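Below is one structure, written out as structure tokens; comments come after it.
The values are calculated or read from the model by the stated rules, or taken from the named source; none is laboratory data. Bear in mind that the values here come from a model prediction, so they are computed numbers and not experimental data. Reconstructed Cβ throughout: ideal geometry from the backbone, glycine too, with neighbour counts over all protein chains shown.
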Ligand code: TYD
Ligand code: ZN
């Protein structure tokens, strides 16, 4: 029996992706012998609707002082967070006397915008290296895991928050009930908690199974967010779909009874019912499509290899760890993956040990094919890589379907 992390009721396992390393566990050749694996399985809770990872590696192995992910490697995300911050400031009427807290503030990509507007703020992030990068650009950051204890400590030291903002982090914290209690304790009675996360509707419809990995413990929908936070006196009052990370939702929550719900909440709940997010059969069908997707992707890579073509990967994303390991994409199929993040370069990808090379390895000598592992940035990448295509290069994509473009 696998109890739901939210409501403790029994969940149903619907997908097994097999042996997985840590998604951001890029490693040096001498670390290969010590690499850690777990079994990636996903389950669905029929009681509260939450989609979740069944068994997890130890969080201390995931977020530490050499965490590989820096958000500000993407221009699109920098622009996105500028807009997100501006929207929160305008909608809540925040000013110099307000206090904004961001769990999972990473390198300060979001809070820098509140800092620039002269708003009192505090970022919280357990990864010392990214927190240090944030401090360097003037974003006040506390190096800690976010949960009830941290939230209560912040409230005691700094007072209650007018807004708690978060992006791509709430799903990373296993004890979501501690997060819920912490948010409620830290928030003013008229405060707002707004967060973004990849959206279950997009993942299920586009077979974007690479959103499943150790750090993405939960995959949220409006239904499951409503259920998870209602337990802690927080009500979902608005939901706005976002194009980021291949389809995300921005959830707006407030203490129960404080704000009327917009029509969007009812709209999205209706949509979720229409696409079957509440039914176990939907998830079984989804996993069958993941397996078809794997066969199709492997067929393309095997064919390219047989023809002696050069194939490289573009973007050593965390997501690519799930795809590469589930599809057994070894270095004889993909020569290397290029990535602009210095901390990933000259390391090996988790599990499959494909070398990660700087961007120039791609641009100095174009391959025949590039697998678009950073598919959620497709628009930005296609626009800047026109020369690759015009010289005869082709992209291999796998979301929303496997194809060569
Ligand atoms: P991201 O899309 O945030 O994915 P994940 O959460 O799965 O890690 O990461 C993008 C990765 O792709 C990051 O390592 C930077 C890299 N990247 C490039 O190398 N070049 C690019 O043009 C873009 C947009 C990203
Ligand atoms: Zn549940």
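Annotation: residue 277 fulfils all but one of (1) within 16 Å of ligand 2 (Cβ to nearest atom); (2) more than 20 Å from residue 197 (Cα to Cα); (3) modelled with pLDDT of 95 or more; the unmet one is (2).
The strands (runs of 3 or more DSSP E) located wholly in region 231-330 that include 1 or more residues which are closer than 27 Å to residue 164 by Cβ occupy 234-242, 248-255. Within region 199-209, none of the residues are away from ligand 1 (no atom under 16 Å from the Cβ), farther than 25 Å from residue 13 by Cβ, outside any loop (DSSP other than H, G, I, E, B) and touching a helix residue (DSSP H, G or I) at 6+ places or on another chain (Cβ under 9 Å). Among the residues of region 6-41, those that are buried (at least 22 other Cβ atoms within 10 Å of the Cβ) and within 14 Å of ligand 2 (Cβ to nearest atom) comprise 6, 11. Among the candidates 280, 318, 324, 264, the residue that is in contact (Cβ under 8 Å) with a residue 24 or more places away in the chain and more than 24 Å from residue 224 (Cβ to Cβ) is uniquely 324.
Restricted to region 1-30, and to residues there that are under 17 Å from residue 355 (Cβ atoms) and either modelled with pLDDT under 95 or in a loop (DSSP other than H, G, I, E, B) (or both), the residue that is farthest from ligand 1 (Cβ to nearest atom) is 28. Just one of the numbered conditions (1) assigned to a loop (DSSP other than H, G, I, E, B); (2) modelled with pLDDT of 95 or more is not true of residue 126: (2). The set of residues in region 31-44 that are without any contact (Cβ under 8 Å) to a residue 60 or more places away in the chain and assigned to a strand (DSSP E or B) comprises 39, 41, 43. Of all the criteria given as (1) at pLDDT 95 or above; (2) within 15 Å of ligand 1 (Cβ to nearest atom); (3) in a helix (DSSP H, G or I), the one not satisfied by residue 82 is (2). Among the criteria (1) at pLDDT 95 or above; (2) more than 16 Å from ligand 2 (Cβ to nearest atom); (3) in contact with a helix residue (DSSP H, G or I) (Cβ under 7 Å, 6 or more places away or on another chain), the one residue 46 does not fulfil is (2).
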